[in-house]
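This report refers to the structure that appears directly beneath it.
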Amino acid sequence: MTFNGTPFAIGFIQQGKIEMDVGENLDWIGHGVVDAEMRVLCGLPMVKDPHIPLYIFDQANADTAGKPPQPSTGYGDAYIAGYRKLWKLQ
């Protein structure tokens, strides 16, 4: 088992060299950080839980990260539309 969803580790899953990797979507984290910082700057209340998930990659879903695996891939992209709606950009 490994941690952080790095492309090389997910590639090892695809090759059968490791069983699983607990990943974080760095792009999603970045959206959460921007949201938190803008709330501070605008004097808005902070969010207690930004709901940024961890994702377990294994043999059944490692290909969702691409072949070869790419950073911040395989987690879905609904968070992008969610933040755009929250920020009134849509």
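The values are calculated or read from the model by the stated rules, or taken from the named source; none is laboratory data. Everything numeric in this text was worked out from a predicted model, so none of it was measured. Quick reminder, even Gly has a Cβ in these numbers, built from the backbone with ideal geometry, and neighbours come from all protein chains shown. Protein only, heavy atoms only, side chains kept; ligands, DNA and RNA dropped before computing areas. Shrake-Rupley method; radii C 1.70, N 1.55, O 1.52, S 1.80 Å.
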What percent antiparallel are the DSSP beta bridges of the chain, to the nearest 5? 60
What ranking, highest mean first, results for peptides 26-36, 41-51 when packing means the other Cβ atoms within 10 Å averaged over each residue? 26-36, 41-51
Rounded to the nearest 10 Å², the accessible area of K67 at probe 1.4 Å: 140
Förster radius 35 Å - calculated FRET efficiency between I52 and Q15 (Cβ-Cβ, nearest 0.05): 0.80
Whole-Hz Karplus couplings 3J(HN,Hα) for region 17-34, θ = phi - 60° and coefficients 6.51, -1.76, 1.60, Gly and Pro as x, run 7, 9, 8, 7, 9, 8, x, 10, 8, 5, 5, 4, 4, x, 4, x, 5, 4
Taking the Cα atoms of region 39-90 alone, what are Rg (to one decimal) and Dmax (as a whole number) in Å? 15.1, 45
Points 7 angstrom from Cα along the Cβ direction at W87 and R39: gap in nanometres? 1.5
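Please compute the volume of the convex hull spanned by the alpha-carbon atoms of region 27-69 and report it per residue in Å³. Could you put the intermediate results ahead of the total?
Numbers: hull volume 2.8 nm³, N = 43.
With only Cα atoms used, region 27-69 gives 65 Å³ per residue.
Kindly provide the Kirkwood hydrodynamic radius of the chain in Å, to one decimal, from all pairs of distinct alpha carbon atoms.
Working: mean 1/r = 0.0705 Å⁻¹.
Evaluated over the chain, this radius sits at 14.2 Å.
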Quick one: ranking E24, E19, E37 by accessible area, 1.4 Å probe, largest first, what do you get? E19, E37, E24
For the chain, what relative contact order do you get, as a whole percent, if you take Cα pairs closer than 8 Å and at least 6 residues apart? 34
